[in-house]
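A short worksheet on the structure shown next.
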Amino acid sequence: MIAYRNLRVALLGAGSVGAQVATLLTEHHDELASRVGAGLDLIGIAVRDVDAPRTAPIDPALFTTDAMGLIESADIVIELMGGIEPARSYILHALNSGADVVTGNKALLAAHGPELQAAAEQVGAQVYYEAAVAGAIPIIRPLRDSLAGDRVKRILGIVNGTTNFILDKMDVEGDTFENALAVATELGYAEADPTADIEGYDAAQKAAILARLAFHTDVPVEAVHREGITQITAAQVAQAQKAGYVVKLLAICERITDPSSGIDGVSARVYPALISRQHPLAAVHGGKNAVFVEAEAAGDLMFYGAGAGGIETASAVLGDVVSAARRHVAGGPGVAETTHANLTILPIDSVSTRYQITLEVSDAPGVLARIASLFSEHGVSVETVQQSIASVESGATRPDALATGTSESSGTATLVIVTHVASERALSRTVADIADQQVVVRVESVLRVEGA
Ligand SMILES: NC(=O)c1ccc[n+]([C@@H]2O[C@H](COP(=O)([O-])OP(=O)(O)OC[C@H]3O[C@@H](n4cnc5c(N)ncnc54)[C@H](O)[C@@H]3O)[C@@H](O)[C@H]2O)c1
Ligand SMILES: N[C@@H](CCO)C(=O)O
Ligand code: NA
(Lines give C-alpha, C1' and ligand atoms only; values in the text may rest on other atoms or scores of the structure.)
(Ligands and ions follow the chains in the order given, each with its own letter.)
Protein backbone atom coordinates (compact mmCIF):
# COMPACT_ATOMS: atom_id res chain seq x y z
CA MET A 1 0.00 0.00 0.00
CA ILE A 2 1.27 3.49 -0.90
CA ALA A 3 1.02 5.93 1.98
CA TYR A 4 3.56 8.58 0.94
CA ARG A 5 2.58 11.52 -1.28
CA ASN A 6 3.56 11.27 -4.94
CA LEU A 7 7.07 12.53 -5.72
CA ARG A 8 7.60 15.18 -8.41
CA VAL A 9 10.22 14.31 -10.96
CA ALA A 10 11.68 16.90 -13.37
CA LEU A 11 13.69 15.94 -16.44
CA LEU A 12 16.25 18.25 -18.07
CA GLY A 13 16.95 17.19 -21.67
CA ALA A 14 15.02 14.86 -23.98
CA GLY A 15 17.81 13.45 -26.18
CA SER A 16 18.83 9.78 -26.63
CA VAL A 17 18.75 8.97 -22.92
CA GLY A 18 16.26 11.58 -21.69
CA ALA A 19 13.50 10.53 -24.11
CA GLN A 20 13.85 6.89 -22.97
CA VAL A 21 13.76 7.93 -19.32
CA ALA A 22 10.56 9.92 -19.93
CA THR A 23 8.94 6.95 -21.68
CA LEU A 24 9.91 4.41 -19.00
CA LEU A 25 8.85 6.70 -16.14
CA THR A 26 5.41 7.06 -17.74
CA GLU A 27 4.92 3.48 -18.95
CA HIS A 28 6.18 1.85 -15.72
CA HIS A 29 4.50 4.34 -13.40
CA ASP A 30 2.49 1.85 -11.32
CA GLU A 31 5.27 -0.72 -11.07
CA LEU A 32 7.76 1.91 -9.94
CA ALA A 33 5.25 3.30 -7.44
CA SER A 34 4.87 -0.10 -5.80
CA ARG A 35 8.66 -0.52 -5.59
CA VAL A 36 9.20 2.92 -4.08
CA GLY A 37 6.12 3.23 -1.90
CA ALA A 38 5.18 6.48 -3.65
CA GLY A 39 4.14 7.48 -7.15
CA LEU A 40 6.82 9.07 -9.35
CA ASP A 41 5.11 11.81 -11.35
CA LEU A 42 6.98 13.30 -14.29
CA ILE A 43 5.97 16.94 -13.92
CA GLY A 44 7.88 18.41 -16.85
CA ILE A 45 10.76 18.14 -19.31
CA ALA A 46 13.05 21.11 -19.94
CA VAL A 47 13.97 21.34 -23.62
CA ARG A 48 15.44 24.00 -25.89
CA ASP A 49 12.52 23.99 -28.31
CA VAL A 50 9.08 22.72 -27.25
CA ASP A 51 8.00 22.37 -30.90
CA ALA A 52 10.99 20.31 -32.09
CA PRO A 53 9.93 17.01 -33.72
CA ARG A 54 10.20 14.00 -31.34
CA THR A 55 10.28 10.30 -32.09
CA ALA A 56 9.49 9.09 -28.54
CA PRO A 57 5.79 9.01 -27.51
CA ILE A 58 5.97 11.82 -24.93
CA ASP A 59 3.01 14.02 -23.92
CA PRO A 60 3.83 17.41 -25.53
CA ALA A 61 2.26 19.20 -22.54
CA LEU A 62 5.29 18.13 -20.49
CA PHE A 63 7.76 20.22 -22.49
CA THR A 64 8.91 23.58 -21.16
CA THR A 65 11.78 25.97 -21.75
CA ASP A 66 11.59 27.22 -18.13
CA ALA A 67 14.18 24.87 -16.60
CA MET A 68 14.65 26.91 -13.41
CA GLY A 69 10.89 27.06 -12.70
CA LEU A 70 10.60 23.31 -13.28
CA ILE A 71 13.54 22.56 -10.95
CA GLU A 72 11.97 24.58 -8.13
CA SER A 73 8.83 22.42 -8.14
CA ALA A 74 10.64 19.07 -8.10
CA ASP A 75 11.65 16.50 -5.47
CA ILE A 76 13.98 14.74 -7.89
CA VAL A 77 15.75 16.40 -10.84
CA ILE A 78 17.17 14.25 -13.65
CA GLU A 79 19.85 16.08 -15.68
CA LEU A 80 20.43 14.53 -19.13
CA MET A 81 21.47 17.55 -21.19
CA GLY A 82 25.22 16.96 -20.99
CA GLY A 83 27.95 19.63 -21.04
CA ILE A 84 29.19 21.83 -18.20
CA GLU A 85 26.85 24.85 -18.35
CA PRO A 86 23.98 25.29 -17.78
CA ALA A 87 23.96 21.71 -16.36
CA ARG A 88 26.19 22.71 -13.40
CA SER A 89 24.05 25.73 -12.45
CA TYR A 90 20.82 23.74 -12.81
CA ILE A 91 22.13 20.94 -10.57
CA LEU A 92 23.33 23.40 -7.91
CA HIS A 93 19.95 25.13 -8.06
CA ALA A 94 18.17 21.77 -7.69
CA LEU A 95 20.25 20.82 -4.64
CA ASN A 96 19.77 24.22 -3.04
CA SER A 97 16.01 23.88 -3.64
CA GLY A 98 16.06 20.62 -1.65
CA ALA A 99 15.84 18.17 -4.58
CA ASP A 100 17.94 15.07 -5.11
CA VAL A 101 19.74 14.95 -8.45
CA VAL A 102 20.27 12.10 -10.91
CA THR A 103 22.72 12.71 -13.76
CA GLY A 104 24.67 10.85 -16.44
CA ASN A 105 27.00 13.75 -17.05
CA LYS A 106 30.55 12.39 -16.73
CA ALA A 107 32.13 15.54 -18.17
CA LEU A 108 30.51 17.65 -15.45
CA LEU A 109 31.25 15.17 -12.65
CA ALA A 110 34.89 14.80 -13.67
CA ALA A 111 35.33 18.59 -13.74
CA HIS A 112 33.07 19.69 -10.83
CA GLY A 113 32.30 16.52 -8.83
CA PRO A 114 33.65 17.80 -5.48
CA GLU A 115 31.66 21.06 -5.78
CA LEU A 116 28.42 19.19 -6.49
CA GLN A 117 29.04 16.66 -3.70
CA ALA A 118 29.77 19.46 -1.21
CA ALA A 119 26.58 21.29 -2.21
CA ALA A 120 24.56 18.07 -1.77
CA GLU A 121 26.11 17.32 1.61
CA GLN A 122 25.40 20.81 2.89
CA VAL A 123 21.66 20.42 2.34
CA GLY A 124 21.48 16.67 3.13
CA ALA A 125 20.61 15.78 -0.47
CA GLN A 126 22.29 13.33 -2.83
CA VAL A 127 23.75 13.29 -6.36
CA TYR A 128 23.30 9.92 -8.09
CA TYR A 129 25.30 9.18 -11.25
CA GLU A 130 25.28 5.48 -12.14
CA ALA A 131 24.75 6.34 -15.82
CA ALA A 132 27.94 8.44 -15.96
CA VAL A 133 30.35 5.49 -16.03
CA ALA A 134 29.84 2.45 -18.25
CA GLY A 135 26.18 3.28 -19.01
CA ALA A 136 23.85 0.49 -17.91
CA ILE A 137 26.53 -1.44 -16.01
CA PRO A 138 26.18 -1.14 -12.23
CA ILE A 139 29.63 0.07 -11.15
CA ILE A 140 29.14 3.29 -9.15
CA ARG A 141 26.96 1.62 -6.52
CA PRO A 142 29.20 -1.48 -6.26
CA LEU A 143 32.24 0.73 -5.64
CA ARG A 144 30.48 3.13 -3.29
CA ASP A 145 28.39 0.61 -1.33
CA SER A 146 29.12 -3.06 -2.00
CA LEU A 147 32.91 -2.68 -1.77
CA ALA A 148 32.85 0.01 0.95
CA GLY A 149 34.20 -2.50 3.47
CA ASP A 150 37.01 -3.74 1.25
CA ARG A 151 40.17 -2.19 -0.17
CA VAL A 152 40.33 -1.75 -3.93
CA LYS A 153 43.81 -2.39 -5.31
CA ARG A 154 43.26 -1.78 -9.00
CA ILE A 155 40.56 -1.17 -11.60
CA LEU A 156 41.05 -2.00 -15.28
CA GLY A 157 38.14 -0.64 -17.30
CA ILE A 158 37.00 -0.78 -20.89
CA VAL A 159 34.77 2.25 -20.44
CA ASN A 160 34.47 3.67 -23.95
CA GLY A 161 32.31 1.74 -26.41
CA THR A 162 33.47 3.57 -29.54
CA THR A 163 37.15 2.76 -29.07
CA ASN A 164 36.43 -0.83 -28.06
CA PHE A 165 34.34 -1.23 -31.22
CA ILE A 166 37.19 0.15 -33.36
CA LEU A 167 39.96 -1.93 -31.73
CA ASP A 168 37.81 -5.07 -31.82
CA LYS A 169 37.09 -4.59 -35.52
CA MET A 170 40.81 -4.15 -36.18
CA ASP A 171 41.51 -7.34 -34.19
CA VAL A 172 38.73 -9.58 -35.49
CA GLU A 173 38.54 -8.37 -39.12
CA GLY A 174 42.05 -6.96 -39.62
CA ASP A 175 40.50 -3.58 -40.42
CA THR A 176 42.44 -0.30 -40.41
CA PHE A 177 41.83 2.33 -37.74
CA GLU A 178 40.36 4.74 -40.32
CA ASN A 179 37.90 2.17 -41.71
CA ALA A 180 36.84 0.97 -38.28
CA LEU A 181 36.23 4.57 -37.17
CA ALA A 182 34.13 5.23 -40.28
CA VAL A 183 31.94 2.20 -39.49
CA ALA A 184 31.64 3.23 -35.82
CA THR A 185 30.45 6.66 -36.96
CA GLU A 186 28.02 5.19 -39.49
CA LEU A 187 26.50 2.87 -36.85
CA GLY A 188 26.09 5.78 -34.44
CA TYR A 189 28.61 4.49 -31.86
CA ALA A 190 30.94 7.45 -32.30
CA GLU A 191 29.91 11.07 -32.05
CA ALA A 192 29.93 13.28 -35.17
CA ASP A 193 33.19 14.61 -33.69
CA PRO A 194 34.69 11.47 -32.15
CA THR A 195 37.70 13.25 -30.58
CA ALA A 196 36.49 12.68 -27.00
CA ASP A 197 36.30 8.95 -27.71
CA ILE A 198 39.42 8.24 -29.79
CA GLU A 199 41.72 10.61 -27.91
CA GLY A 200 40.70 9.10 -24.57
CA TYR A 201 39.05 12.19 -23.00
CA ASP A 202 35.77 10.34 -22.35
CA ALA A 203 37.62 7.41 -20.73
CA ALA A 204 39.75 9.84 -18.67
CA GLN A 205 36.59 11.46 -17.24
CA LYS A 206 35.31 8.03 -16.26
CA ALA A 207 38.72 7.09 -14.77
CA ALA A 208 38.65 10.22 -12.58
CA ILE A 209 35.18 9.27 -11.28
CA LEU A 210 36.12 5.62 -10.64
CA ALA A 211 39.44 6.47 -8.94
CA ARG A 212 37.71 8.93 -6.60
CA LEU A 213 35.22 6.29 -5.45
CA ALA A 214 37.72 3.44 -5.28
CA PHE A 215 40.38 5.33 -3.32
CA HIS A 216 38.32 7.88 -1.35
CA THR A 217 40.37 10.68 -2.85
CA ASP A 218 39.47 13.55 -5.16
CA VAL A 219 41.08 12.91 -8.55
CA PRO A 220 40.99 15.93 -10.88
CA VAL A 221 40.50 14.88 -14.49
CA GLU A 222 43.62 16.88 -15.44
CA ALA A 223 45.65 14.48 -13.24
CA VAL A 224 44.57 11.47 -15.32
CA HIS A 225 47.36 10.52 -17.77
CA ARG A 226 45.71 10.18 -21.19
CA GLU A 227 46.74 8.63 -24.50
CA GLY A 228 44.24 7.85 -27.29
CA ILE A 229 44.16 5.12 -29.93
CA THR A 230 44.85 7.14 -33.10
CA GLN A 231 48.44 5.84 -33.32
CA ILE A 232 47.41 2.17 -33.19
CA THR A 233 48.05 0.49 -36.53
CA ALA A 234 46.66 -2.65 -38.14
CA ALA A 235 50.21 -4.07 -38.02
CA GLN A 236 50.45 -3.57 -34.24
CA VAL A 237 47.08 -5.24 -33.70
CA ALA A 238 48.10 -8.18 -35.93
CA GLN A 239 51.43 -8.54 -34.15
CA ALA A 240 49.69 -8.44 -30.75
CA GLN A 241 47.38 -11.21 -31.92
CA LYS A 242 50.33 -13.39 -32.99
CA ALA A 243 51.95 -12.89 -29.59
CA GLY A 244 48.75 -13.86 -27.71
CA TYR A 245 47.61 -10.33 -26.83
CA VAL A 246 44.80 -7.98 -27.77
CA VAL A 247 44.96 -4.17 -27.81
CA LYS A 248 42.34 -2.45 -25.61
CA LEU A 249 41.91 1.16 -24.52
CA LEU A 250 42.09 0.79 -20.74
CA ALA A 251 41.16 3.18 -17.95
CA ILE A 252 43.39 2.12 -15.06
CA CYS A 253 42.98 3.28 -11.47
CA GLU A 254 45.58 1.83 -9.12
CA ARG A 255 47.09 2.15 -5.64
CA ILE A 256 50.82 2.44 -6.29
CA THR A 257 54.04 3.39 -4.55
CA ASP A 258 56.50 5.59 -6.43
CA PRO A 259 59.65 3.45 -6.79
CA SER A 260 62.03 6.41 -6.23
CA SER A 261 60.39 8.47 -3.49
CA GLY A 262 58.45 5.67 -1.77
CA ILE A 263 55.34 7.91 -1.79
CA ASP A 264 52.15 5.89 -1.57
CA GLY A 265 49.38 7.18 -3.81
CA VAL A 266 46.98 6.72 -6.67
CA SER A 267 47.58 6.40 -10.39
CA ALA A 268 44.76 7.14 -12.84
CA ARG A 269 45.63 6.64 -16.48
CA VAL A 270 44.13 5.90 -19.90
CA TYR A 271 46.07 4.36 -22.76
CA PRO A 272 45.90 1.60 -25.34
CA ALA A 273 47.57 -1.46 -23.84
CA LEU A 274 48.14 -5.12 -24.58
CA ILE A 275 46.31 -7.65 -22.46
CA SER A 276 46.62 -11.40 -22.62
CA ARG A 277 43.90 -13.11 -24.65
CA GLN A 278 43.30 -15.24 -21.52
CA HIS A 279 42.29 -12.17 -19.47
CA PRO A 280 38.49 -11.76 -19.05
CA LEU A 281 38.70 -8.24 -20.56
CA ALA A 282 39.96 -9.75 -23.84
CA ALA A 283 36.48 -11.24 -24.35
CA VAL A 284 34.80 -7.82 -24.33
CA HIS A 285 33.86 -7.35 -27.99
CA GLY A 286 32.18 -4.69 -30.12
CA GLY A 287 30.87 -1.61 -28.35
CA LYS A 288 30.50 -3.36 -24.98
CA ASN A 289 32.12 -2.10 -21.76
CA ALA A 290 33.54 -3.97 -18.76
CA VAL A 291 35.13 -2.95 -15.49
CA PHE A 292 37.53 -5.39 -13.84
CA VAL A 293 38.02 -4.66 -10.15
CA GLU A 294 40.79 -6.22 -8.06
CA ALA A 295 39.98 -5.91 -4.35
CA GLU A 296 42.01 -7.09 -1.37
CA ALA A 297 39.36 -9.34 0.19
CA ALA A 298 36.87 -9.88 -2.65
CA GLY A 299 39.55 -10.79 -5.19
CA ASP A 300 38.76 -10.21 -8.86
CA LEU A 301 35.30 -9.02 -9.95
CA MET A 302 34.12 -8.12 -13.44
CA PHE A 303 31.13 -5.95 -14.37
CA TYR A 304 30.11 -6.32 -18.03
CA GLY A 305 27.44 -4.98 -20.37
CA ALA A 306 26.19 -2.04 -22.40
CA GLY A 307 28.22 1.10 -21.73
CA ALA A 308 26.05 3.28 -23.95
CA GLY A 309 22.71 3.45 -25.76
CA GLY A 310 19.56 5.43 -24.93
CA ILE A 311 17.40 2.74 -23.35
CA GLU A 312 20.31 0.87 -21.75
CA THR A 313 21.57 4.03 -20.07
CA ALA A 314 18.00 4.91 -19.07
CA SER A 315 17.99 1.72 -16.97
CA ALA A 316 20.84 3.10 -14.83
CA VAL A 317 19.07 6.47 -14.56
CA LEU A 318 15.80 4.85 -13.44
CA GLY A 319 17.67 2.78 -10.82
CA ASP A 320 19.04 6.01 -9.39
CA VAL A 321 15.60 7.65 -9.48
CA VAL A 322 14.19 4.73 -7.47
CA SER A 323 17.05 5.05 -4.93
CA ALA A 324 16.46 8.78 -4.60
CA ALA A 325 12.71 8.26 -4.23
CA ARG A 326 13.15 5.55 -1.58
CA ARG A 327 15.34 7.94 0.43
CA HIS A 328 12.61 10.58 0.26
CA VAL A 329 10.08 8.06 1.52
CA ALA A 330 12.36 6.72 4.29
CA GLY A 331 13.73 10.16 5.24
CA GLY A 332 17.23 11.00 6.43
CA PRO A 333 20.16 12.68 4.72
CA GLY A 334 21.94 11.40 1.61
CA VAL A 335 24.94 9.10 1.92
CA ALA A 336 28.07 11.26 1.91
CA GLU A 337 30.90 10.15 -0.33
CA THR A 338 34.19 10.20 1.53
CA THR A 339 37.39 11.62 0.10
CA HIS A 340 39.11 11.55 3.49
CA ALA A 341 41.99 9.32 2.32
CA ASN A 342 43.34 12.30 0.39
CA LEU A 343 46.07 10.26 -1.28
CA THR A 344 48.69 11.81 -3.54
CA ILE A 345 47.87 11.52 -7.25
CA LEU A 346 51.07 10.17 -8.77
CA PRO A 347 52.20 10.96 -12.33
CA ILE A 348 52.73 8.39 -15.10
CA ASP A 349 56.48 8.36 -14.23
CA SER A 350 55.65 6.63 -10.94
CA VAL A 351 53.94 3.69 -12.65
CA SER A 352 55.51 0.25 -13.05
CA THR A 353 54.17 -2.25 -15.56
CA ARG A 354 55.32 -4.57 -18.36
CA TYR A 355 56.16 -3.30 -21.84
CA GLN A 356 56.38 -4.55 -25.40
CA ILE A 357 58.97 -2.70 -27.49
CA THR A 358 59.11 -3.24 -31.26
CA LEU A 359 62.30 -2.19 -33.02
CA GLU A 360 63.54 -2.25 -36.58
CA VAL A 361 67.28 -2.94 -36.37
CA SER A 362 70.16 -3.74 -38.71
CA ASP A 363 70.31 -7.48 -39.27
CA ALA A 364 73.98 -7.74 -38.29
CA PRO A 365 76.13 -9.63 -35.78
CA GLY A 366 76.09 -8.34 -32.20
CA VAL A 367 72.97 -6.19 -32.52
CA LEU A 368 70.82 -8.24 -30.16
CA ALA A 369 73.62 -8.39 -27.57
CA ARG A 370 73.96 -4.59 -27.72
CA ILE A 371 70.21 -4.04 -27.28
CA ALA A 372 70.03 -6.60 -24.46
CA SER A 373 72.87 -4.86 -22.63
CA LEU A 374 70.98 -1.54 -22.71
CA PHE A 375 68.01 -3.15 -20.97
CA SER A 376 70.24 -4.61 -18.29
CA GLU A 377 72.15 -1.30 -17.80
CA HIS A 378 68.83 0.35 -16.87
CA GLY A 379 67.72 -2.53 -14.65
CA VAL A 380 64.91 -3.59 -16.98
CA SER A 381 64.53 -7.36 -17.07
CA VAL A 382 63.60 -8.89 -20.44
CA GLU A 383 60.98 -11.66 -20.48
CA THR A 384 60.90 -12.62 -24.20
CA VAL A 385 62.53 -11.60 -27.48
CA GLN A 386 61.25 -12.48 -30.92
CA GLN A 387 62.85 -11.63 -34.22
CA SER A 388 61.68 -11.64 -37.81
CA ILE A 389 64.19 -10.98 -40.58
CA ALA A 390 63.17 -8.82 -43.52
CA SER A 391 64.10 -10.50 -46.80
CA VAL A 392 66.16 -8.02 -48.82
CA GLU A 393 64.66 -9.11 -52.14
CA SER A 394 60.97 -9.34 -51.30
CA GLY A 395 60.53 -7.25 -48.19
CA ALA A 396 58.61 -10.17 -46.65
CA THR A 397 59.50 -11.31 -43.14
CA ARG A 398 60.18 -14.74 -41.73
CA PRO A 399 60.01 -15.41 -38.00
CA ASP A 400 63.10 -16.59 -36.12
CA ALA A 401 62.99 -18.14 -32.67
CA LEU A 402 65.59 -15.77 -31.29
CA ALA A 403 68.07 -13.37 -32.80
CA THR A 404 71.51 -14.95 -32.78
CA GLY A 405 73.43 -12.35 -34.71
CA THR A 406 74.66 -14.97 -37.18
CA SER A 407 73.00 -13.55 -40.26
CA GLU A 408 75.26 -12.03 -42.87
CA SER A 409 72.31 -10.13 -44.40
CA SER A 410 72.61 -6.39 -44.86
CA GLY A 411 68.79 -6.00 -44.48
CA THR A 412 66.87 -5.19 -41.36
CA ALA A 413 65.16 -7.26 -38.71
CA THR A 414 62.22 -6.60 -36.43
CA LEU A 415 62.77 -7.27 -32.75
CA VAL A 416 59.79 -7.62 -30.41
CA ILE A 417 60.89 -7.45 -26.79
CA VAL A 418 58.56 -7.98 -23.82
CA THR A 419 59.86 -6.94 -20.41
CA HIS A 420 59.10 -8.03 -16.87
CA VAL A 421 57.59 -5.32 -14.65
CA ALA A 422 59.75 -2.20 -14.90
CA SER A 423 59.33 1.42 -13.91
CA GLU A 424 58.12 3.90 -16.51
CA ARG A 425 61.25 5.99 -15.82
CA ALA A 426 63.68 3.10 -16.38
CA LEU A 427 61.78 2.02 -19.48
CA SER A 428 61.74 5.47 -21.08
CA ARG A 429 65.49 5.90 -20.41
CA THR A 430 66.13 2.48 -21.97
CA VAL A 431 64.07 3.33 -25.06
CA ALA A 432 65.79 6.72 -25.43
CA ASP A 433 69.22 5.00 -25.37
CA ILE A 434 68.05 2.32 -27.82
CA ALA A 435 66.76 4.97 -30.23
CA ASP A 436 70.24 6.59 -30.21
CA GLN A 437 71.99 3.41 -31.41
CA GLN A 438 73.20 3.45 -35.01
CA VAL A 439 72.07 -0.14 -35.51
CA VAL A 440 68.50 0.83 -34.62
CA VAL A 441 66.63 1.97 -37.73
CA ARG A 442 63.55 3.00 -35.69
CA VAL A 443 61.55 2.31 -32.58
CA GLU A 444 58.30 1.11 -34.13
CA SER A 445 56.19 1.09 -30.98
CA VAL A 446 56.24 0.91 -27.22
CA LEU A 447 53.07 -0.55 -25.74
CA ARG A 448 52.34 -1.31 -22.12
CA VAL A 449 51.27 -4.85 -21.20
CA GLU A 450 48.58 -4.85 -18.51
CA GLY A 451 46.44 -7.27 -16.56
CA ALA A 452 49.11 -9.60 -15.20
N1 LIG B 1 23.94 8.27 -24.97
C2 LIG B 1 24.57 7.42 -24.18
O3 LIG B 1 24.73 6.28 -24.51
C4 LIG B 1 25.09 7.88 -22.84
C5 LIG B 1 25.67 6.94 -22.00
C6 LIG B 1 26.12 7.34 -20.74
C7 LIG B 1 25.99 8.66 -20.36
N8 LIG B 1 25.43 9.55 -21.21
C9 LIG B 1 25.32 10.95 -20.75
O10 LIG B 1 23.94 11.29 -20.65
C11 LIG B 1 23.77 12.67 -21.00
C12 LIG B 1 22.77 12.77 -22.14
O13 LIG B 1 23.27 12.06 -23.25
P14 LIG B 1 22.44 11.87 -24.59
O15 LIG B 1 23.14 10.84 -25.38
O16 LIG B 1 20.99 11.70 -24.27
O17 LIG B 1 22.68 13.30 -25.28
P18 LIG B 1 21.81 13.97 -26.44
O19 LIG B 1 22.69 14.96 -27.10
O20 LIG B 1 21.12 12.95 -27.27
O21 LIG B 1 20.68 14.72 -25.60
C22 LIG B 1 20.89 15.90 -24.88
C23 LIG B 1 19.62 16.73 -25.04
O24 LIG B 1 19.69 17.83 -24.15
C25 LIG B 1 19.23 18.97 -24.84
N26 LIG B 1 19.80 20.17 -24.21
C27 LIG B 1 21.07 20.58 -24.23
N28 LIG B 1 21.19 21.75 -23.56
C29 LIG B 1 19.96 22.05 -23.11
C30 LIG B 1 19.43 23.13 -22.36
N31 LIG B 1 20.20 24.13 -21.94
N32 LIG B 1 18.11 23.12 -22.05
C33 LIG B 1 17.32 22.11 -22.47
N34 LIG B 1 17.75 21.06 -23.20
C35 LIG B 1 19.07 21.04 -23.50
C36 LIG B 1 19.70 18.79 -26.28
O37 LIG B 1 18.94 19.57 -27.15
C38 LIG B 1 19.45 17.29 -26.47
O39 LIG B 1 18.16 17.02 -26.91
C40 LIG B 1 25.15 13.20 -21.32
O41 LIG B 1 25.71 13.79 -20.17
C42 LIG B 1 25.93 11.95 -21.71
O43 LIG B 1 27.31 12.08 -21.48
C44 LIG B 1 24.96 9.19 -22.44
N1 LIG C 1 30.83 7.95 -26.42
C2 LIG C 1 30.69 7.08 -25.28
C3 LIG C 1 29.23 7.02 -24.83
C4 LIG C 1 29.05 6.44 -23.46
O5 LIG C 1 29.63 7.21 -22.45
C6 LIG C 1 31.21 5.69 -25.67
O7 LIG C 1 31.56 5.46 -26.84
O8 LIG C 1 31.32 4.84 -24.79
NA1 NA D 1 26.98 2.58 -14.89
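Quick notes on this one:
- Contacts under 7 angstrom Cβ, first residue in the range 236-259 being at positive phi, partner open to solvent by 30 Å² or more (accessible area, probe 1.4 Å) and in a strand (DSSP E or B), 6 or more apart: Gly244/Ser276
- Filter pass, Ala131 being modelled with pLDDT of 95 or more, of a type in the set (A, V, I, L, M, F, W, C) and either within 14 Å of ligand 3 (Cβ to nearest atom) or open to solvent by 40 Å² or more (accessible area, probe 1.4 Å) (or both): yes
- Within the range 180-206, the residues that satisfy the criterion of being over 12 Å from the mean Cα position of the chain (by Cα) and assigned to a helix (DSSP H, G or I) are Ala180, Leu181, Ala182, Val183, Ala184, Thr185, Glu186, Thr195.
- Considering the range 19-101, there are no qualifying helices (runs of 4 or more DSSP H) wholly inside with 3 or more residues that are within 16 Å of ligand 2 (Cβ to nearest atom).
- Any hit, the range 165-184, residues being within 16 Å of ligand 3 (Cβ to nearest atom) and either acidic (Asp, Glu) or within 22 Å of Arg269 (Cβ to Cβ) (or both): no
- Filter result for the condition that a residue is in contact with a helix residue (DSSP H, G or I) (Cβ under 8 Å, 6 or more places away or on another chain) and either modelled with pLDDT under 95 or closer than 16 Å to Leu156 by Cα (or both), over Ala243, Ala282, Ala268: Ala268
- Complete set of residues in the range 182-197 that are more than 12 Å from ligand 1 (Cβ to nearest atom) and either small (Gly, Ala, Ser) or crowded, with 22+ Cβ neighbours inside 10 Å (or both): Ala182, Ala184
- Yes/no for Leu210 being open to solvent by less than 20 Å² (accessible area, probe 1.4 Å) and out of contact with any Lys or Arg (no Cβ under 8 Å at 6 or more places or on another chain): yes
- The residue that is nearest to Gly451 (Cα to Cα), among those in the range 281-340 that are among the hydroxyl-bearing types (Ser, Thr, Tyr) and open to solvent by 20 Å² or more (accessible area, probe 1.4 Å), is Tyr304.
- Scanning the range 102-119 for residues being assigned to a helix (DSSP H, G or I) and either within 11 Å of ligand 1 (Cβ to nearest atom) or touching a His at 6+ places or on another chain (Cβ under 7 Å) (or both) gives a total of 5.
- In the condition set (1) at positive phi; (2) surrounded by 19 or more Cβ atoms within 10 Å (Cβ to Cβ); (3) more than 16 Å from ligand 1 (Cβ to nearest atom), Gly200 is compliant with all but (3).
Conditions (1) part of a loop (DSSP other than H, G, I, E, B); (2) open to solvent by less than 20 Å² (accessible area, probe 1.4 Å), marked per residue:
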site	(1), (2)
Glu121	no, no
Gly135	yes, yes
Pro138	yes, no
Gly149	yes, no
Ile166	no, yes
Met170	no, yes
Glu178	no, no
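- Checked against the criterion of being open to solvent by 10 Å² or more (accessible area, probe 1.4 Å) and within 16 Å of ligand 3 (Cβ to nearest atom), the candidates Leu62, Leu42, Leu108, Leu80 yield just one match: Leu80.
- Residue check: Ala251 meets all listed conditions (1) open to solvent by 40 Å² or more (accessible area, probe 1.4 Å); (2) at pLDDT 95 or above but one, namely (1).
- Residue pairs whose Cβ atoms lie under 7 Å apart, sitting 6 or more positions apart in sequence or on different chains, and linking a residue in the range 290-311 that is part of a strand (DSSP E or B) and β-branched (Val, Ile, Thr) to a partner that is within 14 Å of ligand 3 (Cβ to nearest atom) and open to solvent by 10 Å² or more (accessible area, probe 1.4 Å), are Val291/Phe303.
The values are calculated or read from the model by the stated rules, or taken from the named source; none is laboratory data. Nothing here was measured: the structure is a model prediction, and the numbers come from that model. Cβ: placed from backbone, ideal geometry, glycine included. Neighbour counts: every protein chain shown. When the accessible area is computed, the model is the full protein with side chains, heavy atoms only, and any ligands, DNA or RNA have been set aside. Shrake-Rupley method; radii C 1.70, N 1.55, O 1.52, S 1.80 Å.
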